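Quick notes on the structure that follows.
The values are calculated or read from the model by the stated rules, or taken from the named source; none is laboratory data. None of the values given here were measured: they were computed from a predicted structure. In this analysis, Cβ positions are derived from the backbone assuming ideal geometry, glycine residues included, and neighbour counts consider all displayed protein chains. For the accessible areas, the whole protein counts, side chains as well, though only heavy atoms, and no ligand, DNA or RNA atoms are used. Shrake-Rupley method; radii C 1.70, N 1.55, O 1.52, S 1.80 Å.
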Amino acid sequence: MLIKDRDLEQIAYLARINIDKDYFPSLKQELESILDLVKKINSADTESVKPMFHPLDLFQPLRKDEVTEKDEREKLQKNAPLSQAGLFLVPKVIEDQG
Amino acid sequence: MPELYQLTIKEKLEGLKNSSFSSLELTESYLERIKRIDPELNSYITVIEEEARVKAKESDQRYQAGSPLPLDGIPIAHKDIFCTEGVLTSCGSKMLANFISPYSSTVVKKYEESGSVVLGKTNMDEFAMGSSNETSYFGPVKNPWNNKCVPGGSSGGSAACVSAGLAAGATATDTGGSIRQPAALCGLTGIKPTYGRVSRYGMVAFASSLDQGGVLTKTAEDAAYLLKAMSGHDPKDSTSLNVEVPDYINEINQDIKGLRIGLPKEFFSMNLPQHVEKSISDALKVFEKLGTKIKEVELPHLDLSLPVYYVIAPAECSANLSRYDGVKFGYRCENPKDLDDLYMRTREEGFGPEVKRRVLIGTYALSAGYYDAYYLKALKCRRLIAGDFDNAFKSVDLILSPTAPDISFALGEKSSNPVEMYKQDIFTIPANLAGLPAISIPCGKHKGLPLGLQLMSKSLEESKLLRTAHHFQLNSDWHKSWPSL
Amino acid sequence: MNAMSEWETVIGLEVHVQLATKSKLFSGASTLFGSAPNTQACNIDMGMPGVLPVLNEEVLKMAVKFGLAINASINSPTQFSRKNYFYPDLPKGYQISQLDNPIVEAGFLEIIVKEGKKKIGITRAHLEEDAGKSLHEDFKHLTGIDLNRAGTPLLEVVSEPDLNSAEEAVAYLKRIHSIIRYLEISDGNMAEGSMRCDVNVSVRKKGNKELGTRTETKNVNSFKFVERAIQYEIKRQVSVLEAGENVVQETRLYDSQSNETRPMRSKEFANDYRYFPEPDLLPVLIDDEFINSLKDQMPELSESKTKRFVKDYQLTEYDANVLTVDLNFANFFEEVAAKSKNPKLAANWVMGELSAFLNQENLTIQETKVDSKKLGNLLNRIEDSTISGKIAKEVFEEMWNTGSSPEKIIETKGLKQVTDSVEIREIINQALDQNPTQLEQYKDGKDKLFGFFVGQVMKISKGKANPEQVNKILKEKLEE
C-alpha cells in the first residue's frame, strides 16, 4: 500500500491539518504501516455479513419537544478565542466558494 | 497500623463513620502525598486543593448530622477527559490546554451526588489516543513501580495516581484498553463496564461506538463502590442503557463455585513471554481451587480485532475531533490569514502527532473510493468478532486472558513506532468492539513490575466480573502491595 | 425564442423546510427566530467537547406527516449519518443528516399545468440539522458567527427531475409550501429562511434520452427568484450549447440584484463528505402504531378541500383552487361563508375586493385589516338589501381604513339603501322632470334611454336607491 504525496495532501486538506512537506516521507511511512496492519481485514469472508456500526442492538430513545435550555452565552463564550458582541469571529469568509 | 491512603474504600467509609478520622484529615493526607510525590510522577494535570477542602468539610458536616452519602468523603480523581464545570478539562491536549469547561459531565455530577471529594484531574494520552501516556501535551506520566517505565495509557495518570496512593480511586475511560492496560501495568484493578452502562455525556469523545467510562482502583471491592456511583441510565446519552444497576457491593460476596471460565486458544497460541504464561497458569490454579471450571474456547476471528479497531476508531475520531477548529473554544493559531489557514494551522499546532495520524487514517478510511474497502469491511468484521463472543458465551460464563502482552516498558521505547504501540491493546480491544464488560486484576510480577489478567463476560454482567475478581483477591496478594515512593 | 423551442429543460428541486418545533432537533434550546446572537445556542448546539445529541420526538411526527401527505413510504428503522465538512457556522465540523434509509422515500404530488394535472416524483425527504449564520457586514476583515439557528430541524425534500419549466418548478414549490402550511409543520416563511431552495437545471435537445450536464444554484429564497434563476439558467445553458461549448457541472449562486447566476469558486480539492452512520444515535424505529396515530391526526389537505368546496359551496373548481392554495386563506373564506350564508358571494369578495386590498399593501391573510366576522356582516347587509353591492365596496374601503364596523359606517355616512317606494317614486319624478328632452325621445321609441334614466336616478339618490325597485317603478312610470 503506497500513499502518494497527492493523496496525503488531499486527506490532510479534508481533515484541515497543515502538514509540513518535510514530514511527508516519515508520515507516509507511518500511515502505510498502519494500513499494512489494517489490510488483514481483506482476508475475512464477510459475504452476507451485516455491518455492525454500533455495539447496542437497540433503538433510539426520543425526547419531548420542550425548551429546557436557557441563555448561557456568557458562560459558553468564555473559552472563545475571539468574540465580540456575542458573535464568534473568524477571518472574513468568502461566500462564493463552493 | 496502615496509613490512611492504604485503607480500602470500605475501611475508609467505616473510619469516617466511626470518626476515627475526618474527611478533611483524609483529604489533607492525600493532598500532602500529592505535593510530595506527584512532581516526579506527573499523574495530575490539575489539583483542585481548595475546592477539595470545601467538599471535605461539607462531607464532615453530613457525617456529624448522621446522614452521609454513599461515598461521602472518599477522595478520588477524574481523568481529564470528564468535563468538570469551572475546572480545566484538557483531554491531555494543547488544543484544550486552556479549556475551562462550562458544564459538568454526568459522571462528575454523579460523584458529586455521592459525596466523594475530587482531588483533581489526571494526566492522559492526548484525546485518549495512546497506550503509554506519552502523547500527553502535559508530559509523560511515570510508573510508580519504576520511574523509567510507562504507566500504560491512555488512562496513565489515573492508574499512576491510584497506584501511588494519590487518590482512593480514579475514573478512567476505555476505547480499546485504556482502563485495563494501565491497570495491568500499574498493578491495579480496572473495570470497563458494558457499553452504555456509564453515561458518555460530558466525556470528551474519541470513538463514540467504543468509548466507555469506568474506574481504576486498588481492589475489586473498591471498584464495586465506585462503579455503583457512576453507573446508570442518562437521558442525555442516547446510547445509555435504561436498565437497573445491580448492587455490586453486596453481590460481590456471592461465591463463584461452578462458574465456567473459558481460555481462548487463539490468545494462548501467541508467543507469550514465559513470565506472562506462568502468571496466568498460577492464577488458573487459584480459580480452580475456588471451584470454577476451566475450559478452552474458540474465538476464530480474534486476529481481526486490532485491524478492525484501527479502522473504526480512527474513522469515528476523525469526525469527533473536527470541532476543534479554533472558532468556539480551544487553541487558535496566531494571525490566520484566511479561514483555511485558521483551520489548517490551528489543527497542525494544536494536535500532537498520534492524534494527527489517527485523524488522517480515519479521514482516508471514510473517503470516496476507500469507504467500502476499509470502513464498511471493518464493520462487517466487527460483527464476526461479536458473533464469536456470542458463541463462546454459550458454553462459558467468563473469558480469561492476559491483559497486556507483557510488563510495562521503558519511556520512549515504543513511541517512535505506532504499530508496535498499538499491539499493547491486542487482548483488550475485542471487548470494546463487542461492547462487553471486562476487568483487569493484578496476577503477578516480573522484574518488580506488575502483570495483569483480564476477565470478560456477557453484557451487563459486571457483577459477575467483580465477584470473580474479588474472590481471586481474597486468595491472592498481588493487589495488596504498594510501590515504595 | 424559436431556437429555445428545440430545447427541453429538466429541473429538480431540493427544498429545505425548517420544521416548526419549539426546541432543536437534538437539544432543548429554543428555535425562536430573531433573538440576540448565540443566546439560543446551548452547549450541544455549540458542539462543546463531550456533548451528545438526543432526538426530538416531534420532528419525527412532522416528517412522517409530510411523508403521508405526499403518498410516500416511511422507512423504519430510519438512520442518521454524519456529513463531514468544515465551515464556521457548522460547530461540530459535521452535520447530523441522513443518507441511507431517509425517513421519507418515494412519494409524489400533483401540480396543475396548462395541460391539466402533472405528477411530480419526490425521491426522498430526510432530516438534518440547520447550520448557524455567518454575518459579513458588521466587522472589517472578519466574519461573525451566530449559532442560534444551528441545530434547528430541517426536512430536505428532494424531487425527481420531473419538472420542465420555471413555471412548473414554481407550481411544485407552491404545492410543497401549501402542504407544509396545511400540516402546520413549518411557517414556510421564505423571507426568514424557513423554506429555502436549491435548483438543479439542465437542458437537452428535444427527443434526447440522456440528461444534459446540470448546474446547482444554491439558496434561492423566493418563488419569484426561483422562477428568474431558472429562466436565467436555461437561457445561459442554451446559449452555451448553441455556441458549441459544454455546460460545466458546478454550483452557482443567484444574485437577485443583477438577476443572474454566477459560478462559485471551486476549491483545489473536491468536496468529500465522508458520510458514515452517526454512532451517537441509534436506529430510529417508526412502528405502525406511531404512523397510524398520525394518520388519524392528518388534516384535510388542499386537494380534498378543493373538492369539498366545489361540492358544498357550489364553487367552480377554479375558484375552489384559488381559495385553497393557502390554508389560512381557505379558513378565512369558510368563516365568511358561514357568517354570510351566501358562499358564492363570500368567495367573490374574498378573492376580489379583499385580495386586492391585501395585495396592494403586500399583506398576508393573517394581517388583514378586515376580519372574517366584519366581512360576513358586510355581506349580510348586501343580502338583506340594506346596501347595494356598489355601496358595499365603499363601505369596505372605509372598514379597511378605519377598522370600523359596517353597520356604523352605513349609519354615520347615511348609506342605507332607499327601499321606500314613495321616496323612490319622488326621485324618479325628479329625474324625469330634469330631463324633458330625453323623456320625449324615449317616448318616441328610443328604448335605450332607459339605462340613462336609471343612471340619473342612482345619481340623485347617491347610489342608495334599491336598483331592483328603481327598475320596476321606472318601467311603470315610463309606460304610463
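Summed over both chains, the contact between B and C buries some 2800 Å² of accessible surface at a probe radius of 1.4 Å. The antiparallel fraction among DSSP beta bridges confined to chain B stands at about 70%.
Solvent-accessible surface, computed for protein heavy atoms with a probe of 1.4 Å, shrinks by 50 Å² or more for the following residues of the stretch B:238-271 when the other protein chains are added to the isolated chain: B:Ser238, B:Thr239. In the stretch C:421-478, the portion of solvent-accessible area held by carbon and sulfur atoms comes to 49 percent [1.4 Å probe, whole percent, DNA, RNA and ligands not counted]. Solvent-accessible surface of the protein assembly as shown, averaged per residue with a 1.4 angstrom probe and all protein chains in place: 40 square angstrom.
Annotation for the stretch C:99-195: GluC sites (Glu not before Pro) lying in DSSP loop with at most 15 further Cβ atoms inside 10 Å of their Cβ are C:Glu115, C:Glu137, C:Glu184, C:Glu192. With heavy atoms of protein chains only and a 1.4 Å probe, what residues of the stretch C:42-88 have at least 40 Å² less accessible area in the full set of chains than alone? Those residues are C:Asn43, C:Met46, C:Met48, C:Pro49, C:Gly50, C:Leu52, C:Val54, C:Leu55, C:Glu57, C:Phe86, C:Tyr87, C:Pro88.
Oblate is the label for the stretch B:346-485, because the ratio a/c of its alpha-carbon gyration tensor axes (a ≥ b ≥ c) is 1.5 or higher and a/b is not greater than b/c. Distances between placed amide hydrogens fall under 5 Å for A:Phe88 paired with C:Ile145, all partners being 5 or more residues away or on another chain. Got a number for carbon plus sulfur as a percent of the stretch C:300-412's accessible area, 1.4 Å probe? Carbon and sulfur: 48 percent of the exposed surface of the stretch C:300-412. Using the empirical formula 2.2 N^0.38 Å as the baseline, the Cα radius of gyration of the stretch C:200-259 reaches a ratio of 1.14. In terms of its C-alpha gyration tensor, the stretch B:1-160 comes out oblate, because a/c is 1.5 or above while a/b does not outweigh b/c.
Placing dummy labels 7 Å off each Cα toward the beta-carbon, the span from C:Ala36 to C:Asp138 is 1.1 nm. Relative to the longest principal axis of chain A, what angle (0 to 90°, nearest 10) does the C-alpha long axis of helix A:5-14 take? Taking Cα atoms only, the helix is inclined about 30 degrees. In a DSSP loop and with at most 10 other Cβ atoms within 10 Å, there are no chymotrypsin sites (Phe, Trp or Tyr not before Pro) in the stretch B:1-107. In terms of distances greater than 28 angstrom between alpha carbons, the cross-link table entries C:Lys373/C:Lys464; B:Lys192/C:Lys24; C:Lys22/C:Lys339 yield B:Lys192/C:Lys24; C:Lys22/C:Lys339. Within chain B, the ratio Rg/Rh, alpha carbon atoms throughout and Rh by Kirkwood, equals 0.95. Simple spin-label estimate for C:Thr213 and B:Asn253 gives 8.0 nm between the two label positions (7 Å along the Cα-to-Cβ direction from each Cα). Maximal additional length on extending the C:Gln257-C:Asn331 stretch stands at 23.0 nm, based on 0.36 nm per residue less the C-alpha distance.
Secondary-structure-derived ellipticity at 222 nm for the protein assembly as shown, considering helices only, amounts to -11500 deg cm²/dmol, per-run term -39500 (n - 2.57) for DSSP H runs with n ≥ 4.
Reducing the stretch C:220-278 and the stretch B:322-351 to their Cα centroids gives an inter-centroid distance of 31 Å.
Directionally averaged projected area (the stretch B:88-127, Cα convex hull): 3.1 nm².
The interface between chain A and chain C buries about 4800 Å² of solvent-accessible area in total (1.4 Å probe, ligands and nucleic acids excluded).
Surface burial for A against B, with a 1.4 Å probe and both sides summed, reaches about 5100 Å² of accessible area. Give me the Kirkwood hydrodynamic radius of the stretch B:374-424 in Å, from all C-alpha pairs, to one decimal place? Result for the stretch B:374-424, one decimal place: 14.1 Å. If R0 is taken as 35 Å, the Cβ-Cβ distance between C:Asp433 and C:Asn348 corresponds to a FRET efficiency of 0.40. To the nearest 10 degrees, how steep is helix A:24-38 against the longest Cα principal axis of chain A, on a 0 to 90 scale? Taking Cα atoms only, the helix is inclined about 70 degrees. For B:Leu411, the residues whose modelled amide H falls within less than 5 Å of its own, excluding neighbours fewer than 5 places apart on the same chain, are B:Cys149, B:Val150. Diffusion coefficient (Stokes-Einstein, Kirkwood radius over C-alpha pairs, 10 °C, 1.306 mPa s) for the protein assembly as shown: 48 µm²/s, rounded to a whole number. Across the stretch A:6-86, Cα-Cα pairs more than 22 Å apart make up 67 percent of the total. Overall, chain C carries a charge dipole of about 680 debye about its Cα centre when +1 sits on the Cβ of Lys and Arg and -1 on the Cβ of Asp and Glu, all other atoms neutral.
Over all distinct Cα-Cα pairs of the stretch C:3-290, the Kirkwood formula returns a hydrodynamic radius of 20.1 Å. Here the simple spin-label model places points 7 Å from the Cα toward Cβ, and for B:Glu413 and A:Glu9 these points are separated by 4.2 nm. Run the numbers on chain C and let me know its relative contact order in percent, using alpha-carbon pairs under 8 Å that are six or more apart. 14 percent.
Of the residues B:Phe287, B:Val308, B:Tyr248, the one whose Cα sits farthest toward the positive end of the charge dipole of the stretch B:243-318, with +1 on the Cβ of Lys and Arg and -1 on the Cβ of Asp and Glu, is B:Phe287. Among beta bridges from DSSP that stay inside the stretch B:15-131, the antiparallel ones total about 45%. Within the same chain, aspartates and glutamates fewer than 8 places from B:Lys447 are excluded, and of the rest, those with a Cα less than 13 Å from its Cα are B:Asp406. The apolar share of the surface of chain A, taken as the fraction of accessible area on carbon and sulfur atoms (1.4 Å probe, ligands and nucleic acids excluded), comes to 49 percent.
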